[in-house]
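The block underneath contains the structure these notes are about, expressed in structure tokens.
Taken together, the values in this text are just the output of simple stated rules run on the coordinates, not laboratory data. Please read all numbers here as calculations on a predicted model, not as lab measurements. Here the Cβ positions follow ideal geometry from the backbone for every residue, glycine too, while neighbour counts run over all protein chains shown.
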């Protein structure tokens, strides 16, 4: 068996055994040795870490012994520091990285403890068990948006933002503003979407903001409850079938409010994005500031970012159910409404080179 080579050490004010609760309550520093520093690349993406270390002051062990509560357990059923191989594992919260040092919370290791390894915490088992709970699954089968609805009622925009990020792919102020605007509208109208076009969202932009709107309101292109107006404004309207609704639009002062709230981000943005300085440490700082800015947006007072007005809008008819036909050219199934009929046969627009509108990042164009 290979010998272990420590990759670093723990630095804190606890030189002797004491209550592990007291040790865990104080931040500890983990100093990583220079030759292993390359392994810290992108560690900031891990909010929680598993620290593997060696109980360097522990001597001997027994197969059974009392725990802190007095209960007798086997060594493998406890967290006793007296173990056959003297190896400890603790999950910690990463507070900050400074070059080769990590500042963590929740570590129960003594000062000068050799650190053997660090891993990003794997929570997939807990997530899977939560998502496969029989009781909760039964509820979701009946009310698919129950979790989203509860978070809307509670005003828990952080939880909504995290879930919206799974749709959007990253976190940014645009997504946060979409989540904030949609949560406010849903609370004001005391409504929810069942995907049947009785609640409609009309968005005036196709950027990050709209993904926050889609996720929170449940109005999407797929259920025909999302209407897109190519106006280029960070705004959306939430309305019922009677056309009465509320429109929420970002104030022109909102960008300045964001700049004042996160001055460090804009300095880093100028260096990394505008000046193309991709120094690794600078990139790490930029990404951290970006995440803080995204979630920090949620804490900015709503009225500093948005203006709200009551509106009456013209609502389109329910989306028709289109019959599908087979294109005589390519043999693919296509909506009849998107075909041309020539000599008793249907042809799709692609086969007849008919130009249609296309939605891209530049808007709708042909």
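Largest mean-square fluctuation among 61, 346, 269, in a Gaussian network model of the chain whose springs join Cα atoms under 10 Å apart, belongs to 346. When the convex hull of its Cα atoms is viewed from all sides, the range 8-122 shows a mean projected area of 7.3 nm². Using C-alpha pairs below 8 Å separated by at least 6 residues, the relative contact order for the chain is 12 percent. Model label sites at residue 17 and residue 41, defined 7 Å from Cα along the beta-carbon direction, differ in position by 4.2 nm.
Whole number please: convex hull volume per residue, Cα atoms of the range 324-365, in Å³.
Spread over its residues, the Cα hull of the range 324-365 gives 77 Å³ apiece.
Grab the alpha carbons of the range 242-366, take their convex hull, and tell me the volume per residue in Å³. Working shown, then result.
Values: hull volume 27.3 nm³, N = 125.
In the range 242-366, the Cα convex hull volume per residue is 218 Å³.
Annotation: the residues 270, 251, sorted from fewest to most other C-beta atoms within 10 Å of their own C-beta, follow the order 270, 251.
The ranking of 293, 338 from fewest to most other beta carbons within 10 Å of each one's beta carbon is 338, 293. Values of log10 I(q)/I(0) for the chain across q = 0.07, 0.10 Å⁻¹ run -0.51, -0.87, by the Debye formula with one identical scatterer at each alpha carbon and no solvent. Our note on the geometry: Cα centres of the range 283-345 and the range 192-211, 7 Å apart.
Under the simplified labelling scheme, the residue 365-residue 50 pair shows an inter-label distance of 4.9 nm, with each label point 7 Å from Cα along Cα→Cβ.
Among 35, 292, 71, the largest mean-square fluctuation in a Gaussian network model of the chain (Cα springs under 10 Å) belongs to 71. Considering only the chain, what is the antiparallel percent among its DSSP beta bridges, to the nearest 5? Antiparallel: roughly 95 percent of the beta bridges in the chain.
What's the Cα-based Rg to Rh of the range 1-61, Rh via Kirkwood?
Working: Rg = 13.8 Å, Rh = 14.0 Å.
Checking Rg against Rh, the ratio lands at 0.99.
Annotation: the residues 102, 167, sorted from fewest to most other C-beta atoms within 10 Å of their own C-beta, follow the order 167, 102. Could you work out how far helix 157-168 tilts from the main Cα principal axis of the chain, as a 0 to 90 degree angle to the nearest 10? So the helix axis and the longest Cα principal axis differ by about 70 degrees. Sorting the Cα pairs of the range 167-318 by distance into bins of 10 Å, from 0 upward, gives 11, 38, 30, 15, 6, 0 percent per bin. Any chance you could give the angle, 0 to 90 degrees and rounded to 10, that helix 173-189 forms with the longest Cα principal axis of the chain? Between helix and principal axis, roughly 70 degrees. Taking 16, 277, 111 in turn, the Gaussian network model of the chain (Cα-Cα springs below 10 Å) assigns the largest fluctuation to 16.
Given an 8 Å cut-off on Cα distances and at least 6 residues of separation, report the relative contact order of the range 1-88 as a percent. Display every interim value, and only then the final one.
Working: 70 pairs, mean separation 19.7, N = 88.
Computed over the range 1-88, the figure is 22 percent.
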